[in-house]
Amino acid sequence: MSAAPIRSPAALAVRLAATWWRQLLALAAACAVVAATIAGAVGVGDALQTGLRRLALERLGGVTAAVVGDRFFRADLVRSAEGDAPLHPALVLEVTFEAAAGGVPARATILACDAAADLGFSPAPPPVAGGEVALNAPLAEALGVRAGDTVVVRVPMPSAIPADSPMGRRTPESAGRRLRVAAILPERGIGRFSLRPAQVTTGVAVARLGTLQDILRRGDVANAGLAVGPDAATLKARLRPALADVGLALEPVPEGGLRLSSAALVLPAEVDRVAEEVLRPEGGVPTLVFLANALTAPPDAGRPAARIPYSTVLGIADAMLPVGALEDADGRPLAPPPDDGIVIDRWMADDLAAQGRPVAVGDPLEVRLFLPETLHGRVEERVERLRVTGIARMEGMALARSVVPEVEGFTDEKSIADWDPPFPFDRQAVRTVPPHDEDDRYWKAHGATPKAFVSLRCARRLAAGRFGATTAWFLPGMDPAARDGLAARLAAGLVPERLGIRVDDLRANALEAA
């Protein structure tokens with residue numbers, strides 16, 4: 001109270017500092033510690049980001065962008081998009097290596113490219129001949145091999161049919177080949193190669209493109225195109241996929257006319273969209289074929305049930321296709337089946353009668369089939385009851401094998417007894433042993449030709465799913481030049497990204513990840 005009065009802010013500051021100097025000194029020390037911590041953290045962060053940028057760019061070398069496919073496409077697709085800057089076809093796959101002398105297998109990424117030395121990696125990779133492979137140091141150490149040793153590479157053989165569909169294999173087969181280790185790559189440069197951002201160096205192998213193509217036995221294919229120089233936008237503008245690059249084929253069929261089909265069995269929705277615009281005006285019509293696990297005439301009036309196992313059923317919008325028509329016993333065109341109806345062929349009608357259960361128009365018929373998508377890897381069945389609306393004689397569409405697209409391991413088998421399908425297959429239900437070998441005799445005579453026909457709307461209700469709602473488009477025949485022009489128009493209308501071919505801006509993605 002006796003102190004002199006404070007008459008200015010400066011005097012107040014001096015008085016407070018004199019009174020609280022110990023606390024202010026502690027606060028200043030704390031601020032200094034916090035400032036030093038923040039400065040250190042910023043410095044460490046800058047150093048870490050610089051290191052990540054260096055790693056991100058080192059694993060790409062001079063590669064700026066890439067054409068990437070979910071499935072194999074023609075290597076010529078990459079070559080035709082090259083332009084003024086280099087663009088190299090390549091196969092980039094996850095494979096398994098094992099030392100020829102035995103040991104623990106190791107997973108690795110293999111880069112098969114004939115121009116590995118031109119991809120801008122430092123140091124430049126050593127030359128690798130056909131039948132040879134270069135391994136990076138972590139992979140060689142995991143396998144316990146050195147240059148000059150022999151390793152076995154096992155390459156997965158992916159199925160064109162989606163694994164989550166009943167016809168798709170959930171465990172892909174693989175092909176193996178013995179290769180000589182040409183060199184051990186250092187843990188930098190191409191020894192860090194990856195199309196995805198990664199901080200940890202995993203197993204990497206480098207081989208010739210032809211070496212991996214020989215193992216795959218798919219011809220001159222690639223699943224990547226590595227660009228050195230052009231950006232993603234430039235590369236995307238040059239990309240012009242043909243039908244074959246997205247697994248499609250527009251080709252004549254033996255019965256007459258043309259067929260658009262897919263190696264994946266079901267046409268994606270994107271293909272249907274463009275086909276409606278391009279093929280429909282040319283007389284094109286869609287169809288959907290599916291496999292019935294059983295076609296059953298239920299018991300009636302004391303007559304036992306009769307059953308025909310594993311038959312294809314075709315969904316049609318009209319009883320007339322370019323491959324032929326559905327006709328009755330007198331050769332007159334049958335009416336298209338209604339949405340609750342089914343037309344059976346004469347062979348099926350005779351077979352059911354021989355089993356003691358003849359059917360006539362108006363009788364019920366049960367169709368047992370798998371759901372179009374697996375649930376947690378399990379296939380599940382459903383049963384649909386339809387009524388017979390017609391019996392087609394064995395002519396025209398009823399004998400047209402081409403209405404069922406080719407499915408490797410299914411339509412190409414010589415006997416139904418040789419089937420090895422990915423879905424649960426009841427061999428005991430199939431009649432393959434004389435004198436009751438009716439199913440096998442039909443297969444040898446007619447293959448996968450449908451025994452029954454439903455409306456396209458009914459087929460899509462039963463068998464369509466997220467993979468698509470059409471298995472083929474049929475249209476009248478035309479000369480080769482017109483067919484090629486139609487195929488070009490169809491391909492030009494497709495959006496590649498919706499069919500599994502995209503352009504990735506690898507450098508920008510790597511820097512963003514860093």
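The values are calculated or read from the model by the stated rules, or taken from the named source; none is laboratory data. Predicted, not measured: the structure shown is a model, and the values here were computed from it. Every residue, glycine as well, gets a Cβ built from its backbone with ideal geometry; the counts of neighbours run over all protein chains shown. These area figures cover heavy atoms from the full protein model, side chains too; ligands, DNA and RNA do not enter into them. Shrake-Rupley method; radii C 1.70, N 1.55, O 1.52, S 1.80 Å.
Taking θ as phi - 60° and the Karplus parameters 6.51, -1.76 and 1.60, the scalar couplings of segment 71-84 work out to 9, 6, 10, 5, 4, 5, 4, 5, 5, 6, 9, 5, x, 7 Hz in sequence order, x denoting glycine and proline. Over segment 243-374, all Cα pairs binned in 5 Å intervals from 0 give whole-percent P(r) values of 2, 8, 15, 18, 18, 15, 11, 7, 4, 2, 0, 0, listed from short to long.
Per atom type, segment 278-365 shows carbon and sulfur on 55% of its accessible surface, probed at 1.4 Å. Only protein heavy atoms count here; under a 1.4 Å probe, S122 has an accessible surface of about 90 Å².
Between T37 and T411, what FRET efficiency comes out of the Förster formula 1/(1 + (r/R0)^6) with R0 = 51 Å and r the beta carbon distance, rounded to 0.05? It comes to 0.15. Shown for segment 75-231: the carbon plus sulfur share of the solvent-accessible area, taken with all protein chains present and a 1.4 angstrom probe, equals 48%. Bridgeable aspartates and glutamates around K444 (alpha carbons under 13 Å apart, same-chain partners fewer than 8 residues away excluded): D412, E413, D418. Computed on the chain, with alpha-carbon pairs under 8 angstrom and 6+ residues apart, the relative contact order is 20 percent. Rolling a 1.4 Å probe over the protein chains gives D149 an accessible area of about 50 Å². Residues in the chain average 47 Å² of solvent-accessible surface per residue, probe 1.4 Å, ligands and nucleic acids excluded. Stretched out straight at 0.36 nm per residue, the stretch from H436 to R240 would grow longer than its current Cα-Cα span by 65.2 nm. Between A115 and D220, the simple spin-label model (points 7 angstrom out along Cα→Cβ) gives 1.5 nm.
Ranking T211, T150 from most to least accessible surface, computed with a 1.4 Å probe over the protein chains only, gives T150, T211. Counted as membrane-span-like here are DSSP H helices of the chain whose alpha-carbon atoms extend 30 Å or more along the helix's own axis and whose Kyte-Doolittle mean is 0.5 or above; these are 9-58. Looking at segment 210-294, the pairs of alpha carbons with a distance over 23 Å make up 46% of the total.
The calculated FRET efficiency for the pair A160 and D328, based on their C-beta separation and a Förster distance of 45 Å, comes to about 0.75. Segment R53..D318, full-extension length gain: 89.4 nm, with 0.36 nm per residue of separation and the alpha-carbon distance subtracted. Calculated mean residue ellipticity, 222 nm, the chain: -8500 deg cm²/dmol, from DSSP H runs (n ≥ 4) at -39500 (n - 2.57) each, averaged per residue and rounded to 500.
Each 5 Å bin from zero holds the following percent of Cα-Cα pairs in segment 361-414: 4, 13, 11, 15, 24, 19, 10, 3, 0.
Fraction of C-alpha pairs exceeding 20 angstrom in segment 3-118: 72 percent, rounded to a whole number. Measuring nothing but how far apart in sequence close Cα pairs (under 8 Å, 6+ apart) lie, relative to its length, segment 227-344 scores a relative contact order of 16 percent.
Computed on protein heavy atoms with a 1.4 Å probe, the accessible areas place H436, H446 in the order H436, H446, largest first. Share of Cα-Cα pairs in the chain beyond 40 Å, in percent? Beyond 40 Å sits 43 percent of the P(r) for the chain. Note on surface exposure: V433, V285, V95 rank V433, V285, V95 by accessible area, highest first, 1.4 Å probe.
Scanning residues 5 or more positions from S455 or on other chains, those with amide H under 5 Å from its amide H are I316, G341, with H placed 1.01 Å from N in the peptide plane. Look at where the Cα atoms of segment 235-249 and of segment 176-226 average out, and the two centres are 24 Å apart.
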